[in-house]
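The values are calculated or read from the model by the stated rules, or taken from the named source; none is laboratory data. None of these values were measured; they are calculated from a predicted model. Cβ coordinates were reconstructed from backbone atoms using ideal geometry, including for glycine residues, and neighbour counts include every protein chain displayed. Note: areas computed on protein heavy atoms with side chains; ligands, DNA, RNA excluded. Shrake-Rupley method; radii C 1.70, N 1.55, O 1.52, S 1.80 Å.
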Amino acid sequence: MYSDLFGKTAVVTGGSKGIGNAISRRLAEEKMSVVINYNSGSGQAEQTVEELNKAGGKAIAVQADVGTESGVQSLLDAAVEHFGGLDVWINNAGMENRAQTHELSLEDWEKVMNVNLTGVFLGAKTAINHYLAHNKKGTIINMSSVHQRIPWPTFAHYAASKGGVKLFTETIALEYAKRGIRVNAIAPGAIQTPINAEKFADPEQKQSTLNLIPINYIGKPEEVAAAAAWLASNESSYVTGTTIFVDGGMSLYPEFSEGNG
Ligand code: NAD
C-alpha cells in the first residue's frame with residue numbers, strides 16, 4: 001500500500017477490462033477515487049464500479065472516446081465534479097489489429113494511431129493543463145508496449161504508435177519536470193487480457209509466445225497494475241521519463257538465453 005495515494009483521484013482510460021481494469025481495481029485498493037473510462041458497452045465498467053463502491057471504494061464509470069478532445073475533457077470534468085480534482089492520469093486505452101503493411105488500409109492505420117497515440121497526447125494535454133492551472137504535482141502514466149522497442153511485423157501501425165508513445169513520454173517528462181509533473185510509461189510484454197484472448201486460447205500460438213518469455217508464463221494484468229501503482233505514488237518521486245518493462249524478460253533477446261549467437 002502507498003499511503004500517499006489515499007484520497008487522491010485517478011483517471012484510467014480504457015478501464016473497463018484487461019490491464020486498465022486491473023489498474024482501476026488496484027488504485028481503488030490504494031484508497032484512490034477512480035474515474036473508470038470505457039468507450040462502448042458500459043456493462044463491465046458499471047459492474048467494476050458497483051463492486052468497488054460496495055467494498056468501500058470510490059469509483060465512477062464514464063463513457064468517452066479518448067481519440068477526441070471532448071471525450072478526454074469529459075473525463076477530467078467527471079474527476080473534478082465527483083472527486084474534486086485530479087492527481088494521476090493513466091493513458092491505458094489501446095487497440096491493435098493485424099495486417100501486412102502493404103495491405104494495411106489508411107483507415108486502420110488512423111484508427112490505431114488515434115487511440116494509441118493521439119489519445120495519449122490528448123489525455124496528457126488535458127491532465128497537464130489541470131496540473132498547471134492548480135499548481136499541482138500530478139503524474140501521468142502512458143501504457144506503451146515492448147513493441148516500443150521490438151519491431152513487430154504485421155503490426156507496423158501498432159509498433160509505430162508505441163514508439164511514438166515512448167518519445168512523447170520522454171519529451172513531455174522533460175518539458176514539465178520543473179513544474180513538478182512526472183510522466184512515465186509502462187511497456188507490458190504478453191499479458192492475458194481480452195486483446196489477445198483468442199490468440200492464447202490456441203495452444204500452439206500460446207506456446208510460440210511462451211518461447212519468447214524467459215520467465216515462462218503469460219503475465220497477469222495485476223502485475224502491470226503493480227507497476228502503475230508504484231509510478232503513481234511518491235515512492236517513485238525521483239522517476240520521470242522512464243519506461244518500466246513488465247514483460248517477463250521478453251525484451252532481453254531470449255533467443256540468446258543459452259549463450260548462443
Ligand atoms: P483490452 O482490449 O483488454 O483493453 C483495451 C481497453 O481500451 C478497452 O477497455 C477498450 O474499450 C479501450 N479502448 C479502445 N479504444 C478506446 C477509445 N477510443 N476510447 C476509450 N477507450 C478505448 O487490452 P489490454 O491488453 O488491457 O490493453 C491495455 C493497454 O496495454 C493497451 O494500450 C495495449 O496496447 C497495452 N498492451 C497490452 C499488452 C497485452 O499483452 N495485453 C501488451 C503490451 C501493451
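Hey, among the residues in the stretch 17-28 that are of a type outside the set (A, V, I, L, M) and under 12 Å from the mean Cα position of the chain (by Cα), which one's surrounded by the most Cβ atoms within 10 Å (Cβ to Cβ)?
Ser24
Thr154 passes all but one of (1) more than 24 Å from Ser40 (Cα to Cα); (2) within 14 Å of the ligand (Cβ to nearest atom); which number fails?
(2)
Any residue at all in the stretch 33-41 that is in a loop (DSSP other than H, G, I, E, B), surrounded by fewer than 16 Cβ atoms within 10 Å (Cβ to Cβ) and within 16 Å of the ligand (Cβ to nearest atom)?
Checked the stretch 33-41: at least one residue is in a loop (DSSP other than H, G, I, E, B), surrounded by fewer than 16 Cβ atoms within 10 Å (Cβ to Cβ) and within 16 Å of the ligand (Cβ to nearest atom).
Which of the residues spanning the stretch 105-119 are assigned to a helix (DSSP H, G or I) and more than 9 Å from the ligand (Cβ to nearest atom)?
Across the stretch 105-119, the qualifying residues are Leu106, Glu107, Asp108, Trp109, Glu110, Val112, Met113, Leu117, Thr118.
What are the residues in the stretch 67-97 that are open to solvent by 10 Å² or more (accessible area, probe 1.4 Å) and either polar (S, T, N, Q) or near the ligand (Cβ under 9 Å from one of its atoms) (or both), if any?
Within the stretch 67-97, Gly67, Thr68, Ser70, Gln73, Ser74, Asn92, Ala93, Gly94, Met95, Glu96, Asn97 meet the criteria.
May I ask you to verify whether Asn129 is in a loop (DSSP other than H, G, I, E, B), out of contact with any strand residue (DSSP E or B) (no Cβ under 6 Å at 6 or more places or on another chain) and either within 10 Å of the ligand (Cβ to nearest atom) or over 22 Å from Ser237 (Cβ atoms) (or both)?
Spelling it out, it is not the case that Asn129 is in a loop (DSSP other than H, G, I, E, B), out of contact with any strand residue (DSSP E or B) (no Cβ under 6 Å at 6 or more places or on another chain) and either within 10 Å of the ligand (Cβ to nearest atom) or over 22 Å from Ser237 (Cβ atoms) (or both).
Would it be correct to say that Arg98 is touching a residue at least 12 places away in the same chain (Cβ under 8 Å) and either in contact with a Cys (Cβ under 9 Å, 6 or more places away or on another chain) or not in a helix (DSSP H, G or I) (or both)?
The answer is yes for Arg98.
Taking the condition more than 11 Å from the ligand (Cβ to nearest atom), among the basic types (Lys, Arg) and surrounded by 21 or more Cβ atoms within 10 Å (Cβ to Cβ), does Lys58 pass?
no
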